Amino acid sequence: MQRWRKENWEVIFRKIKSSQAANSGWQAIGQGLRVDSPDTLRLNQALSPMDTDPAACFKNVKRLVVKVGTAVVTRHDGRLAVGRLGALCEQLKELNSQGYEVVLVTSGAVGLGRQRLRYRKLVNSSLADLQNPQVELDGKACAAVGQNSLMALYDTLFSQLDVTSSQHLVTDSDFRNDSFREQLSETVKSLLALKVIPVFNENDAVSTRRTPYEDSSGIFWDNDSLAGLLAMEVKADLLVLLSDVEGLYSGPPSDPNSKLIHTYIKEKHQAEITFGDKSRLGRGGMTAKVDAAVCAASSGIPVVITSGYATDNIIKLLQGKPVGTLFHKDAHLWTSVNEVDAREMAVAARECSRRLQAKSSEDRRKLLLDVADALEANESLIMAENEADVAAAKADGYEKALISRLALKPGKASLCLAKSIRVLADMEEPISRIAKRTELADGLILEKTSCPLGVLLVVFESRPDALVQIASLAIRTGNGLLLKGGKEARRSNAILHKIITSAIPDSVGDKLIGLVASREDIPDLLKLDDVIDLVIPRGSNSLVSQIKNSTKIPVLGHADGVCHVYIDKSANPDMAKKIVRDAKIDYPAACNSMETLLLHQDLSNNDLLKELLAELRREGVTLYGGPRASSLLNLPKAQSLHREYSSLACTVEFVDDVGAAIDHIHQHGRHVISHTDCIVTEDHEVAEMFLHRVDSAAVFHNASTRFCDGARFGLGAEVGVSTSRVHARGPVGVEGLLTTRWILRGSGQVVDGDKGVTYSHKDLPLQTQI
């Protein structure tokens, strides 16, 4: 089929206003992502619309046109896919009840009619007729028969859902009449006001086209182009094209090397895409959908191509969830046309890391100091961008705990972040440090040395200061780094990344640290087990679990974890009050903040208990009780004993003794993600029992849980607190980002069946090689 010439629409409908359908949320994104001046450094042009704020992208949509393709309407045998059509009608009914105005364009009449006529012909054929070559059925006759059955089914399904639908059969020639177009718009407007769903289809039965499968002349020539045309005529806010695949791929969807394109950029993708076969039953296929989408998008109507096999994709789309492929006239403003793909980014980070490793220890140290100086010099820029993030988060109604983690305190860039980087720079050189030297045989020396892991992918939420810590640790350990922060901190992350990479010399390359702009890139990155060596997700259990289930790359999980403080009956009252207050009040949003206060049962009528609870309440802490505490203390019952509040709230519960406290931690701390637990006691034997039996990443005696931090542990910085068991656990600093390399120095030795070698295996004194 010849390629669609969109000039057809542009000539005939040049008077149609294109500004009416532009989504204000996306326009604001597109217009606001410019580098206005060196003083603002708005780096958001690298952000994807779906990643920026998916909900905002569709928040102004009221009227949408939905086109369902033949491959969705029918099964492979040509019969109607009643289940899929039922699910589609349920979605449209839900949208209709929510106040959306929906226009449906449906295909499938020709395919359905062909199936029915073949059956009828078979029933009416004699044995002699069946022995003769079968003549292909007339497409127009198929359309006439199929349209009746198709609309009857839609009417039945919508009626069952208490929705009224209307049928509209149109032809190409109808749209040449200005009066027809005007009346069409008025009719559709009236129907939508009555909450009726208009159902459109091209009337192939009376079309003057030579054949609906070959003739692609005219204003429109298939239901994809009809849907795009209708979207412009009725001034729709969104066009959804439902297909039998998840969206537009870079190649045939059956090709394992093809990638789903989340946002179509004509300048980037037009020459890169290889289309597969056309629709198995309809006349269009993905080529027709893309042509229709490009034309509608250029007129200002956002278009999404997505799967019609899913039962809720349209609803997900309107909720702002990234499904399918988005077409938008401003898409080129959201991401660079020359943006590298996931593999290129990871490979570049590896190449830069190898150049960094080749530098001297002093060069790497100087690089860290330069980064610290750059952060201090640009503190006003950092704070301006961070304040913009905080303001946006408040306006969007984010929880106070997230906003607390998001906000950088004035002076933190210079007093804290830069200081921690300088501490890291002054630490002992971690690369090529010899951990063990062994003489294997005379003149054969084996060394076990430290070396970088390679390329790290760190996915983190909320906290922009985490970006600085992670980046400085990557530089110190010679690792390449890819970072994906939360969308709520996009401005802060962008400016911090820009400042840090600007301090990296050209001899290393600023691609050493890559900032992943869109969450759409994460699935592709997680497939690169041949390039990326470790994934570190910092965030919720669901984030960590999702990543673990999506990749073959080793994952170092930083998940949530309930930090417990257990007050034993022998605890010093003043010490207990001091520790509990600090563990909860010092920084409630931190992952090392106390979430559950466990009390020995003997303290249930003790003055210490009253003073502890009174102190917490004075500080504004909301108290919830476990099964025993809620009854004894008349507290609201906690919804769960495994609850990370990350705010001024905590759970209180009584236990029989230290053994019961340990059992409680193991049961409700879910040992695989246990974080930090503390005991306050003057009984040394009880303390030792707690320290050695509690199976957590960090266990403290008479010290606040807030000490569980890389900087406080003297690690300089941390990529997170690992709740995993393999490779690293607890605060992960320099050592957690290193692995080992074996270096053997010989003088011509060969194995030769071990005949000529006398092994000594003698330990030798260490000497550092830098």
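The values are calculated or read from the model by the stated rules, or taken from the named source; none is laboratory data. On a predicted model such as this, the values are computed, not experimentally measured, just so you know. Please note: Cβ atoms are built from the backbone with ideal geometry, for glycine as well, and neighbour counts cover all protein chains shown. To get the accessible areas, we keep the full protein, side chains included, count just its heavy atoms, and leave off ligands, DNA and RNA. Shrake-Rupley method; radii C 1.70, N 1.55, O 1.52, S 1.80 Å.
Filtering the range 417-435 for residues that are within 22 Å of the chain's Cα centre (by Cα) and within 29 Å of Lys487 (Cβ to Cβ) leaves an empty set. Sub-6 Å Cβ pairs linking a first residue in the range 503-526 that is in a strand (DSSP E or B) to a second residue that is not small (Gly, Ala, Ser), at least 6 apart or interchain, are Ile513/Leu481; Ile513/Thr501; Gly514/Met345; Gly514/Leu482; Leu515/Leu483; Leu515/His497, ordered by first then second residue. Only residues that are part of a helix (DSSP H, G or I), free of Cβ contacts under 8 Å to residues at least 60 places away in the same chain and among the aliphatic types (A, V, I, L, M) were counted across the range 159-198, and they come to 3.
Restricting attention to the range 590-631, which residues are in a helix (DSSP H, G or I), open to solvent by less than 10 Å² (accessible area, probe 1.4 Å) and of a type in the set (Gly, Ala, Ser)? Result: Ala629, single match. Number of residues in the range 59-87 that are open to solvent by less than 10 Å² (accessible area, probe 1.4 Å) and within 15 Å of Pro198 (Cβ to Cβ) equals 5. Against the definition (modelled with pLDDT under 95 and either more than 16 Å from Ile579 (Cα to Cα) or assigned to a loop (DSSP other than H, G, I, E, B) (or both)), how does Ala703 come out, yes or no? For Ala703, the condition - modelled with pLDDT under 95 and either more than 16 Å from Ile579 (Cα to Cα) or assigned to a loop (DSSP other than H, G, I, E, B) (or both) - is not met.
When restricted to residues that are open to solvent by 60 Å² or more (accessible area, probe 1.4 Å) and not acidic (Asp, Glu), the range 360-369 contains 2.
Assigned by the TED database to the domain that holds Asp426, of a type in the set (A, V, I, L, M) and assigned to a helix (DSSP H, G or I): does that describe Leu317? Spelling it out, it is not the case that Leu317 is assigned by the TED database to the domain that holds Asp426, of a type in the set (A, V, I, L, M) and assigned to a helix (DSSP H, G or I). Annotation note: of Pro537, Pro523, the sole residue that is open to solvent by 30 Å² or more (accessible area, probe 1.4 Å), within 14 Å of the chain's Cα centre (by Cα) and not charged (D, E, K, R) is Pro523. Within this structure, Gly284 fails the test of being assigned to a loop (DSSP other than H, G, I, E, B), modelled with pLDDT of 85 or more and crowded, with 17+ Cβ neighbours inside 10 Å. Scanning the range 723-739 for residues that are surrounded by 12 or more Cβ atoms within 10 Å (Cβ to Cβ) and among the β-branched types (Val, Ile, Thr), we see that the one that is farthest from Ile567 (Cα to Cα) is Thr739.
Only strands (runs of 3 or more DSSP E) whose full extent lies in the range 404-496 are considered here, and the ones with at least 1 residues that are open to solvent by 10 Å² or more (accessible area, probe 1.4 Å) and charged (D, E, K, R) are 434-441, 444-452, 480-484. On the stretch given as the range 690-733, residues that are closer than 15 Å to Ala571 by Cα and either in the same structural domain as Arg538 (by the TED database) or of a type in the set (A, V, I, L, M, F, W, C) (or both) total 3.
Number of residues in the range 505-516 that are open to solvent by 10 Å² or more (accessible area, probe 1.4 Å) and aliphatic (A, V, I, L, M) equals 1. Here Val686, Val750 are screened, and the one residue that is more than 30 Å from Ala589 (Cβ to Cβ) and surrounded by 15 or more Cβ atoms within 10 Å (Cβ to Cβ) is Val686. Is at least one residue of the range 551-564 touching a residue at least 40 places away in the same chain (Cβ under 8 Å), assigned to a helix (DSSP H, G or I) and aliphatic (A, V, I, L, M)? Within the range 551-564, not a single residue is touching a residue at least 40 places away in the same chain (Cβ under 8 Å), assigned to a helix (DSSP H, G or I) and aliphatic (A, V, I, L, M).
Of all residues in the range 706-735, those being in a loop (DSSP other than H, G, I, E, B) and not aliphatic (A, V, I, L, M) number 14. Here the condition is being modelled with pLDDT under 85 and more than 23 Å from Val562 (Cα to Cα); of Gly720, Gly714, it holds for Gly714 alone.
Being more than 24 Å from the chain's Cα centre (by Cα), at pLDDT below 95 and acidic (Asp, Glu): is that true of Glu379 here?
Considered against the rule, which asks whether it is more than 24 Å from the chain's Cα centre (by Cα), at pLDDT below 95 and acidic (Asp, Glu), Glu379 comes out as yes.
Per-residue answers, yes or no, for (1) surrounded by 19 or more Cβ atoms within 10 Å (Cβ to Cβ); (2) of a type in the set (Ser, Thr, Tyr); (3) at pLDDT 80 or above:
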{"position": "Asp215", "(1), (2), (3)": "no, no, no"}
{"position": "Leu230", "(1), (2), (3)": "yes, no, yes"}
{"position": "Leu238", "(1), (2), (3)": "yes, no, yes"}
{"position": "Glu246", "(1), (2), (3)": "no, no, yes"}
{"position": "Gly251", "(1), (2), (3)": "no, no, yes"}
{"position": "Pro256", "(1), (2), (3)": "no, no, no"}
{"position": "Leu260", "(1), (2), (3)": "no, no, yes"}
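Number of residues in the range 572-589 that are buried (at least 24 other Cβ atoms within 10 Å of the Cβ) and part of a loop (DSSP other than H, G, I, E, B) equals 0.
For the range 632-650, taking the residues that are within 32 Å of the chain's Cα centre (by Cα) and among the aliphatic types (A, V, I, L, M), the one that is most open to solvent (accessible area, probe 1.4 Å) is identified as Leu648.
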